[in-house]
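Trainee: One structure coming up, written as structure tokens, with questions to follow.
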Amino acid sequence: MTHPTFTILGIAGSLRHESYNRALLRAAARLTPPGAAVEIFERLGEIPPYNDDVRLRGMPAPVAELWQAIADADAVLVVTPEYNYGVPGVLKNALDWVSRPPAETPLRHKPVAIMGASTGNLGTVRAQIALRQTFQFIESYVLLKPEVLVFRAAERFDDAGELTDETTRELVAQQLDALVAWARRFSG
């Protein structure tokens, strides 16, 4: 068995196990190009609310694990739902933790791709715009295109949570190919 030479850390912004976004992340993990693999971070729900007093005493274990996973990865893939026109609080909270202190964050200059799924017609476009602003401040290198905005997700996944829409599968695969190429541009 060959080990991947390129690692993508996958983070789903939804805590619900059966969410479309977690299903989209699982689909992305199966659609990575040869030589690449998605490792999924599963402890988002364990990250406490950001408190700099706590950070100064020492990062909580799930935060330290996320920090190290980001540092070790060649790129990051964030799959986000859209809550009230924005980023879910648990996802923003995790980004706040790992972005401190700004000069030391493993997200600085890290290649990042964003995708998301929703049952509505806009496919998480507003949440993705908000994430792009956050990553801009952190100085992450966010992939511009292709965008993956999965709208009317109930029509694109089956009852078992499998991504069955071939056009969407192709778009996810294209974004992952682009992310690998994008990250390699920055790695020298």
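The values are calculated or read from the model by the stated rules, or taken from the named source; none is laboratory data. Note that the structure is predicted; figures quoted are calculated from it, not measured. Don't worry about glycine lacking a Cβ; one is built from the backbone with ideal geometry, like all the others, and counts go over all protein chains shown.
Trainee: List the number of the failed condition for ARG184; all other conditions in (1) exposed (fewer than 14 other Cβ atoms within 10 Å of the Cβ); (2) in contact with a Leu (Cβ under 7 Å, 6 or more places away or on another chain) hold.
Mentor: (2)
Trainee: Still on this structure: Checking the structure you have, find out if any residue of the stretch 154-169 is of a type outside the set (A, V, I, L, M, F, W, C), in a helix (DSSP H, G or I) and touching a residue at least 24 places away in the same chain (Cβ under 8 Å).
Mentor: Yes, because at least one residue in the stretch 154-169 is of a type outside the set (A, V, I, L, M, F, W, C), in a helix (DSSP H, G or I) and touching a residue at least 24 places away in the same chain (Cβ under 8 Å).
Trainee: From GLU42, GLU46, which residue is modelled with pLDDT of 95 or more and under 15 Å from the mean Cα position of the chain (by Cα)?
Mentor: Result: GLU42 is the single residue among GLU42, GLU46 that is modelled with pLDDT of 95 or more and under 15 Å from the mean Cα position of the chain (by Cα).
Trainee: It is to be established whether one or more residues within the stretch 41-52 are touching a residue at least 12 places away in the same chain (Cβ under 8 Å), under 21 Å from ARG108 (Cα atoms) and polar (S, T, N, Q).
Mentor: No: zero hits.
Trainee: Could you tell me whether the stretch 73-85 includes any residue that is free of Cβ contacts under 8 Å to residues at least 60 places away in the same chain, part of a helix (DSSP H, G or I) and not small (Gly, Ala, Ser)?
Mentor: no
Trainee: In the stretch 48-78, what residues are surrounded by 12 or more Cβ atoms within 10 Å (Cβ to Cβ) and either in contact with an Asp or Glu (Cβ under 7 Å, 6 or more places away or on another chain) or within 18 Å of VAL180 (Cβ to Cβ) (or both)?
Mentor: Within the stretch 48-78, TYR50, PRO62, ALA69, ILE70, ALA73, ASP74, ALA75, VAL76, LEU77, VAL78 meet the criteria.
Trainee: One residue is enough: does the stretch 101-118 have a residue meeting the conditions of a type outside the set (Phe, Trp, Tyr), without any contact (Cβ under 8 Å) to a residue 12 or more places away in the chain and more than 25 Å from PRO62 (Cβ to Cβ)?
Mentor: So far as the stretch 101-118 goes, no, none of its residues is of a type outside the set (Phe, Trp, Tyr), without any contact (Cβ under 8 Å) to a residue 12 or more places away in the chain and more than 25 Å from PRO62 (Cβ to Cβ).
Trainee: Identify the single condition in (1) among the aliphatic types (A, V, I, L, M); (2) within 19 Å of the chain's Cα centre (by Cα); (3) not in a loop (DSSP other than H, G, I, E, B) that LEU15 does not satisfy, given that it satisfies every other one.
Mentor: (3)
Trainee: Okay, moving on. Kindly indicate whether any position in the stretch 123-144 is within 24 Å of PRO88 (Cβ to Cβ), of a type outside the set (A, V, I, L, M), touching a Gly at 6+ places or on another chain (Cβ under 7 Å) and part of a loop (DSSP other than H, G, I, E, B).
Mentor: Yes, that holds for at least one residue.
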